[in-house]
Amino acid sequence: MKLSIITINYNDLTGLKNTVESVINQSWKDYEHIIIDGGSKDGSCEYINDNAQYFSYFVSEPDKGIYNAMNKGIAKANGEYLLMLNAGDLLYNNQVLSKIFEKTNYTQDIIYGDVDRESKGVVFTESIFPDKLTFGFLRYGMISHQAAFFKRKLHDTVGLYDETIKYGADWHFIIKSVCKYNATYLHLNFKMAICSADGLTCNPSEFDKMFEEKTTVLRKEFPAFVDDYLALDELDRKKISNRVNYFIANFKQFVKKIIGYKKS
């Protein structure tokens with residue numbers, strides 16, 4: 001089997017329905033769909049049971065969080081590639097899987113594309129990712145897991161998602177794969193998914209904690225690189241500060257000249 005699509009859900013019946021529909025409607029069918037529900041109480045369990053014919057595996061039981069649920073899905077996956085498409089996330093259109101897989105056999109560890117981002121059903125921005133994934137990009141940025149297809153075997157090399165990481169275990173897996181294990185990758189320049197921005201990691205009140213967590217992980221995983229990049233950050237800040245100060249000083253001189261002209 002070419003692809004395993006793993007959907008995790010907890011009390012998001014509407015999002016789950018939309019995600020499942022976007023998978024069912026795909027023109028390309030060489031996939032399995034795995035549903036990991038965290039013991040929802042909003043009707044999700046009944047919906048999953050009523051549509052069991054569409055799923056290769058499903059379960060509804062308490063879990064230990066988002067990444068524990070993802071790991072449970074990986075354990076049941078049989079596909080060559082894995083896609084994490086969580087409740088509320090959608091495949092971009094009905095032909096996207098066909099466009100990716102129908103005529104190409106990939107050798108890369110990671111195939112990824114671009115996404116739109118929506119909140120409350122309204123698309124508000126797009127994310128177009130670079131063709132080259134560098135440490136400089138990945139240390140605080142990442143590709144979208146909703147449009148990233150990972151070889152199942154990559155988890156045998158890199159490991160599963162680190163469940164001790166609250167916000168960014170998917171980011172951690174990607175940066176480790178590329179920057180520590182030299183995973184091969186390919187960027188396909190088209191949109192593959194519409195990502196819901198209504199979750200925890202899109203909440204501005206959590207951003208400072210997310211930054212602190214990433215910094216801690218980077219110091220643990222890449223200690224030889226972090227200090228150099230922090231020094232570069234400081235150099236960039238000084239350059240920006242110098243430019244701003246230069247602009248302000250010149251603007252003040254300009255204002256003084258204007259005032260002087262008016263007085264004369």
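Read the figures in this text as sums done on the coordinates, not as results from a lab. Not measured: the values here are computed from a predicted model. All Cβ positions, glycine included, derive from the backbone under ideal geometry; neighbour counts span all protein chains shown.
With the charge dipole of segment 3-197 set up from +1 on Lys and Arg Cβ and -1 on Asp and Glu Cβ about the Cα centre, the Cα lying farthest toward the positive end among the listed residues I111, I5, V96 is that of I111. With charges only on Cβ, +1 for K and R and -1 for D and E, what is the dipole size of segment 3-197 about its Cα centre, in debye, rounded to 20? Roughly 540 debye for segment 3-197. By the rule of a C-alpha distance below 16 Å, with chain neighbours fewer than 8 residues away ignored, the aspartates and glutamates paired with K180 are D109, D156, D162, D170, E221. Averaging Cα coordinates gives a centre for segment 124-196 and one for segment 18-85; these two points are 20 Å apart. Using the Cα centre of segment 3-197 as origin and beta-carbon charges of +1 (Lys, Arg) and -1 (Asp, Glu), tell me which of C195, I35, T164 is placed farthest towards the positive end of the dipole. So the residue we want is T164. Legend: distances between Cα atoms for K2/K72; K2/K64; K29/K132; K76/K151; K76/K153; K132/K209; pairs beyond 23 Å are K2/K64; K29/K132; K132/K209. Think of segment 3-197 as having a plus end and a minus end, set by charges on the Cβ of Lys, Arg, Asp and Glu; of A183, N78, I128, A183 sits farthest toward the positive end of this dipole. Express as a percent, rounded to the nearest 5, the fraction of DSSP beta bridges in segment 3-197 (both residues included) that run antiparallel. If I count the DSSP bridges inside segment 3-197, around 35 percent turn out antiparallel. In segment 3-197, Rg over Rh equals 0.93, where Rg is the alpha-carbon radius of gyration and Rh the Kirkwood radius from pairwise Cα distances.
As an exercise, identify the trypsin sites (Lys or Arg not before Pro) in segment 20-72 lying in DSSP coil whose Cβ has no more than 14 other Cβ atoms within 10 Å. Let's see the in-between values first.
Working: sites: K29, K41, K64, K72; in loops: K29, K41, K64.
Within segment 20-72, the qualifying trypsin sites (Lys or Arg not before Pro) (loop, at most 14 other Cβ atoms within 10 Å) are K29, K41, K64.
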